[in-house]
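Q: Can you read through this structure? Questions will come right after.
The values are calculated or read from the model by the stated rules, or taken from the named source; none is laboratory data. The structure displayed is predicted, hence computed values, not measured ones. Reconstructed Cβ throughout: ideal geometry from the backbone, glycine too, with neighbour counts over all protein chains shown. The protein model used for the area step is the full one, side chains on, heavy atoms only, and it has no ligands, DNA or RNA in it. Shrake-Rupley method; radii C 1.70, N 1.55, O 1.52, S 1.80 Å.
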Amino acid sequence: MMFFRLALMALGLVLGYSGGQILALSGSPETALINTVSLMLAGTLSALLLAPRAEKVARRWAERFRAWYERLAPTTVAAATFGLIVALLLSVLLTNLLRGLPFYSWLLSVGATALLAAFFMTYAVRNADAFGALAFAQVRRKPGGKILDSNVIIDGRIVALTQAGFLDGDLIVPAFILRELQTLSDNADANKRTRGKRGLGVLEELRALRPLRIEDWDDPHLPTTDDKLIRLARETGAKLLTNDTNLAKVAKLHGLDVLSIHEAAVALRPQLQAGDTLTVTISKGGQQQGQGVGYLEDGTMVVVEDGLKLRGKPARVVVVNNMQTNVGRMIFAKLDREQP
């Protein structure tokens, strides 16, 4: 804020010089120069003393202006501009009529223009939704932003990642995703209603941890939510945070950076090596004859050779191989012959 301090000191210098010139009109010429220099020094030093306090006030107002500007919707700007245009056109017509009055002055014209502008701009802003066709769907570019999809919000693990500090940059929630969650929470189907309420609850937890940026952007010409997410990510330069595999594939084809909490969780699972033993409960049969299938606590599928005969029972198995698939990790094992 060095520039701000220099500007304040320059202002104090100018005020001191102006005060000295005013005193010179009524004082003696001998003291005019001394008075002017003294007032200029006093103004500069006063500005230097008041600069820290003025900086805090200016920074606070600048932060308020930035927050207001970020919340400003394109439809509001379009509405206010339209209202101002109407006010200026009417003021031109009204000024031509007022010129015929004997008490007409330019102050009257300025006052009438100000009243018209206040009325039409206020009215237009209150009905900003009607000016959506005039607004450009502008989005703000900030490096490091993460656009949240509805499925990753409902998943809920993003709260733990945020608490651990693994997600930096802005967390962006598009307005159409909020509307989707609200529609789910009001759905007649109990499962969808539960998912929607869970998603809104997760957003409340995230907002308590760090600020969320609600992006009031939409494109009614795009048919699906996935298309809107891809367009928004392309225009903002933000990364797409989603657990939707198909959406992630399409987004990567568009050259976008995609983050998947599910893929990160799979990658961080401890790797089992061939020869390791573990205990799993066989729950169903496999695709081949005699195969049994069980699941670990984290959902990893374990395919056990000749394990179907122990269906419904815990069995100790030896890992033969493990592989990574699109849906997760699979472990192939055989029964431990030394188990009792």
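Q: Enumerate the calculated ³J(HN,Hα) couplings along the range 37-44 in order (Karplus 6.51 cos²θ - 1.76 cosθ + 1.60, θ = phi - 60°), each rounded to whole Hz, writing x wherever the residue is Gly or Pro.
A: Result, ordered by residue: 5, 5, 5, 5, 5, 4, x, 5 Hz.
Q: With angles folded into 0 to 90 degrees, how steeply does helix 2-26 sit against the dominant principal axis of the chain? Use alpha carbons for both and round to 10.
A: 10 degrees
Q: Determine the gain in length on full extension of the stretch TYR123-ILE22; use 0.36 nm per residue of separation and subtract their C-alpha separation, reporting nm with one decimal.
A: Working: separation 101, 0.36 × 101 = 36.36 nm, distance 4.69 nm.
That pair, TYR123 and ILE22, stretches by 31.7 nm at full extension.
Q: Convert each backbone phi in the range 235-243 into a coupling constant with the Karplus relation 6.51 cos²θ - 1.76 cosθ + 1.60 (shift: θ = phi - 60°), then list the ³J(HN,Hα) values in order as whole Hz, x for Gly and Pro.
A: Once θ is set to phi - 60°, the couplings for the range 235-243 become 7, 8, x, 8, 7, 9, 9, 8, 10 Hz.
Q: Can you tell me the orientation of helix 175-185 relative to the chain, as the angle in degrees between its alpha-carbon axis and the longest Cα principal axis, to the nearest 10?
A: Here the helix axis deviates by roughly 50 degrees.
Q: Which percent, nearest 5, of DSSP beta bridges in the chain are antiparallel?
A: Numbers: 20 of 36 bridges.
The antiparallel fraction comes to roughly 55 percent.
Q: Continuing with the same structure: Can you tell me which of LEU25, LEU256, LEU272 moves the most in a GNM of the chain? Springs connect C-alpha atoms under 10 Å apart.
A: LEU25
Q: Under a 5 Å amide H to amide H cut-off, with H placed in plane at 1.01 Å, what residues pair with LEU259 once short-range neighbours are removed?
A: Close amide H contacts, sequence-distant or interchain: LEU240, LEU241, THR242.
Q: In nm, to one decimal, how far is the ARG234 label point from the LEU101 one, both placed 7 Å along Cα→Cβ?
A: 5.6 nm
Q: Here is a follow-up. Describe numerically, in nm with one decimal, the distance between label points set 7 Å from Cα along Cα→Cβ at ALA265 and at LEU93.
A: Output for this residue pair reads 6.4 nm.
Q: So if R0 is 45 Å, what FRET efficiency would ALA62 and ASP336 give, r being the distance between their Cβ atoms, rounded to the nearest 0.05?
A: Efficiency computed from Cβ-Cβ geometry: 0.05.
Q: Let me ask something else about it. Taking H as built 1.01 Å from N, whose amide H comes closer than 5 Å to the amide H of GLU215, not counting residues under 5 places away?
A: For GLU215, whose amide H was placed from the backbone, the distant partners under 5 Å are VAL173, ALA175.
Q: Give the angle, between 0 and 90 degrees and rounded to the nearest 10, that separates the Cα long axis of helix 190-209 from the longest principal axis of the Cα atoms of the chain.
A: 50 degrees
Q: OK, next. Percent relative contact order of the chain, based on C-alpha pairs within less than 8 angstrom and at least six residues apart?
A: Across the chain, relative contact order equals 10 percent.
Q: Here's a follow-up. On full extension of the chain, what length is gained from ASP168 through LEU41, given 0.36 nm per residue of separation minus the C-alpha to C-alpha distance? It would help to have the intermediate numbers written out before the result.
A: Values: separation 127, 0.36 × 127 = 45.72 nm, distance 4.79 nm.
Value of the extension gain: 40.9 nm.
Q: Figure the gain on full extension for GLU204 and ALA190 (residue separation times 0.36 nm, minus the Cα-Cα span) and round it to one decimal in nm.
A: On the way: separation 14, 0.36 × 14 = 5.04 nm, distance 2.12 nm.
Here the segment from GLU204 to ALA190 would lengthen by 2.9 nm.
Q: On the protein heavy atoms, probe 1.4 angstrom, tell me the percent of accessible surface of the chain carried by carbon and sulfur. Kindly include the intermediate steps, with their values, before the conclusion.
A: Details: 13200 of 21640 Å².
Roughly 61 percent of what the probe reaches on the chain is carbon or sulfur.
Q: ALA315's amide H: which non-local residues (gap 5+, or another chain) put their own amide H closer than 5 Å, with H modeled 1.01 Å from N in plane and none for Pro or chain starts?
A: Counting only residues 5 or more places away or on other chains, the set is VAL280, THR281, ILE282.
Q: Distance between the C-alpha centers of the range 2-17 and the range 240-311? Whole Å please.
A: The two parts, judged by their Cα centres, are 68 Å apart.
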